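Structure first, commentary second.
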Amino acid sequence: MPFQKGDKNINRLGRPKNAINRSTEQAKLTLARLADTGLNNIKEDIERIRQDDPLAAAKLYLQILEYIIPKQSRVEVNGQIEQRIQQVTVNINKNV
């Protein structure tokens, strides 16, 4: 049925800003469920990998850690330290 001018059922404001359509919402929900299942099984999966290849399991663990603990950015510090050393006297007591 085509739209008719002056119909009160027409939403004149349109979709609200940042509103998600149904298909996008369903896709996000499906991906969230899949990720949840994967996270619930990750400990056992890494343990199985560790039994066959401990090095691969360690690399995988470190890759996962990057998403939990943020990487520190590199900071380069340049400067000069001027230090004057005065005479140092060392007394050694052998009577101890």
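Observations on the structure shown:
- Computed [θ] at 222 nm, helices only, for the chain once each DSSP H run of length n ≥ 4 contributes -39500 (n - 2.57): -17000 deg cm²/dmol
- Pairwise FRET efficiency - Leu29 versus Asp7, Cβ, R0 = 35 Å, nearest 0.05: 0.60
- The trypsin sites (Lys or Arg not before Pro) found in the stretch 1-78 that occupy coil by DSSP, while having at most 15 further C-beta atoms within 10 Å, are Lys5, Lys8, Arg12, Lys17, Lys71, Arg74.
- Across the stretch 29-37, coupling constants 3J(HN,Hα) worked out from phi with the 6.51/-1.76/1.60 Karplus curve, θ = phi - 60°, read 5, 4, 5, 5, 5, 4, 5, 5, 4 Hz, and Gly and Pro carry x.
- Compared with the direct C-alpha span, the chain from Asn93 to Ile68 gains 3.5 nm at full extension, assuming 0.36 nm per residue.
- In nm, spacing of pseudo-spin labels at Lys17 and Gln80 (7 Å Cα→C-beta vector): 5.5
- Residue-count net charge about Ala19 - beta-carbon cut-off 15 Å; Lys, Arg +1, Asp, Glu -1: +3
- Stretch in the chain that is longest and holds no GluC sites (Glu not before Pro) that DSSP places in a loop and that have at most 16 other beta carbons within 10 Å: 1-75
- Taken along its principal axes, the alpha carbon cloud of the chain reaches lengths of 109, 47, 24 Å, longest axis first.
Any read-out appearing in this document is the output of simple, stated calculations on the displayed coordinates, not a laboratory observation. All values derive from a computational prediction rather than experimental measurement. Ideal geometry is used to build each Cβ from the backbone, glycine not excepted, and the neighbour counts take in all protein chains shown.
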